[in-house]
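Notes for the one structure printed next.
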Amino acid sequence: MPRAPRDIFEENDYIKWYFDPELAKDWKNLLKKYSYLFWIHSMNVKDRDHWIALIEDRKPNIQRTPATPHDAGSYAELTVARRDAYFQIFRAFTEISARMAEEVLSGEYMSRLRSAMAKIVPDALLEEHFAELERFRQAFSHMKPKKFRRELEAERFTIFDDDLMPYISGHESVYRSEKQIMGDLTAEVKNLYREAGYVLDKSRGNLPPDEAKLELEFAFRLLEDEIDAWKAGDRDRALLALERQKKFIQEHMILWLPYLFDDVANDDFKVGIALKYHGDVRDVEKYKSEEIVEMDFYRAMAKIAKLFLEHEYNQVDEMLRAARELGTEELQRAFAGAEKVDTSGESTYFLRME
């Protein structure tokens, strides 16, 4: 009998195994070479006991103290900050826009992200990660925005979209050990999109709906929906958007994205990428240090995103509690000046269902 789950991270009902013994053998061989990647371990998980042993020392910290909204004004401020944080994070993990490349080079991107994050996460926890982003920016400050965009997008592609190991297979179904893309978890996430009134833009390709960049964008969309509803004085629609945020954060995002962010930030993964593209990396420690900034934008962003998501687990409950206690009219007034985020020029994937 498998051990009984002790917490939400151990309640994984998506674990499957391979019908083809040769396929299982292939993944076991990959594990020998890339044991530093969580998703490779996940592709080798056989049952719940194996899963529980894998995550024993890797569980994200969901005990972080949320920011408390004391009135309609502070509620609106926190909601807008959460939306803005999701927007900046999803921009980092999808294809890099020309505008974002310019903002990263100028430092404006980091300022906007920090302004939003600091309302949710204690500033002291952010210091090291934003210092890492600034070191990265300084290393490329001489570069023209167009070339910098190509460099940054090449790094993103190398991490997530390359077909040469090592890379990150950024799908919930993979990280939760379903062993396939377009399986049960993928369908579950797709249904959540449809329930919220969204479909994926087919002109952008046929992407699996449980891809990391899509789940991050969807969280942003749900925050936009809530803000729009409060501005319209539609309490039921606003609370529904909040309930959807809670479900998506607590039953999907928190259960796998922290492990993905750990993979991206892993020192050995940075060395592995270097070996893949540069062949013989003689001074491994240089790649682990601040001296070589390759991948350090994504490494820092992964640490920031994980920290934010850990706070979000309790934050969304705190927002629901406050929203149920606050009056509709006072919230409508508080949100009256909240402007929509300009997503023009960004790499977005969601369309409103007609």
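Quick look at the numbers
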| item | result |
| --- | --- |
| Estimated FRET transfer efficiency when R0 is 41 angstrom, pair ASP236-HIS278 (beta carbons, to 0.05) | 0.15 |
| Packing-based exposure ordering (other Cβ within 10 Å, fewest first) of SER74, SER173, SER344, SER141 | SER344, SER141, SER74, SER173 |
| Relative contact order (%) - region 1-81, alpha-carbon pairs under 8 angstrom, separation at least six | 31 |
| For region 215-354, the spread of Cα positions along each principal axis, largest first, Å | 64, 32, 26 |
| Label-point separation in nm, ASP342 to PHE157, each point 7 Å along Cα→Cβ | 2.8 |
| Cβ-based exposure ranking for MET319, MET295, in which fewest neighbours within 10 Å come first | MET295, MET319 |
| Radius of gyration, Dmax [region 15-162; alpha carbons; angstrom] | 20.3, 60 |
| Relative frequency of Cα-Cα separations exceeding 33 Å in the chain, percent | 29 |
| Over region 34-163, relative contact order from alpha-carbon pairs under 8 Å, at least 6 apart, % | 25 |
| Debye-sum result for region 186-234 in log10 I(q)/I(0), which assumes one identical scatterer on each alpha carbon, at q = 0.16 Å⁻¹ | -0.49 |
| Ranked packing of 55-68, 90-103, most packed first, by mean Cβ within 10 Å | 90-103, 55-68 |
| Average projection area in nm² (convex hull over Cα atoms of region 34-97, one quarter of hull surface) | 7.5 |
| Segment ASP71-GLU290, length gained on full extension (0.36 nm per residue, minus Cα span) | 74.5 nm |
| Most fluctuating residue given options GLU11, GLU134, GLU211, as computed from a GNM of the chain linking Cα atoms under 10 Å | GLU11 |
| Contour minus Cα-Cα distance for LEU125 and LEU23 (0.36 nm per residue) | 32.5 nm |
| Net charge of Cβ neighbours under 11 Å - reference ARG99; Lys, Arg +1; Asp, Glu -1 | -3 |
| For region 18-128, size of Cβ-based charge dipole, Lys and Arg +1, Asp and Glu -1, in debye | 240 |
| Helix-only CD estimate at 222 nm, as mean residue ellipticity for the chain, using -39500 (n - 2.57) per DSSP H run (n ≥ 4) | -19500 deg cm²/dmol |
| Length added when fully stretched, SER141-GLU251, from 0.36 nm per residue minus Cα-Cα | 35.6 nm |
| Set LYS190/LYS246; LYS146/LYS202; LYS46/LYS270; LYS146/LYS286; LYS46/LYS179; LYS32/LYS270 screened for pairs whose C-alpha atoms are more than 19 Å apart | LYS146/LYS202; LYS46/LYS270; LYS146/LYS286 |
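None of the figures in this text is laboratory data; all of them are computed from the coordinates on show. The shown structure was predicted, so the numbers you read here are calculated from the model rather than taken from an experiment. Cβ atoms come from the backbone with ideal geometry, glycine included; neighbour counts cover every protein chain shown.
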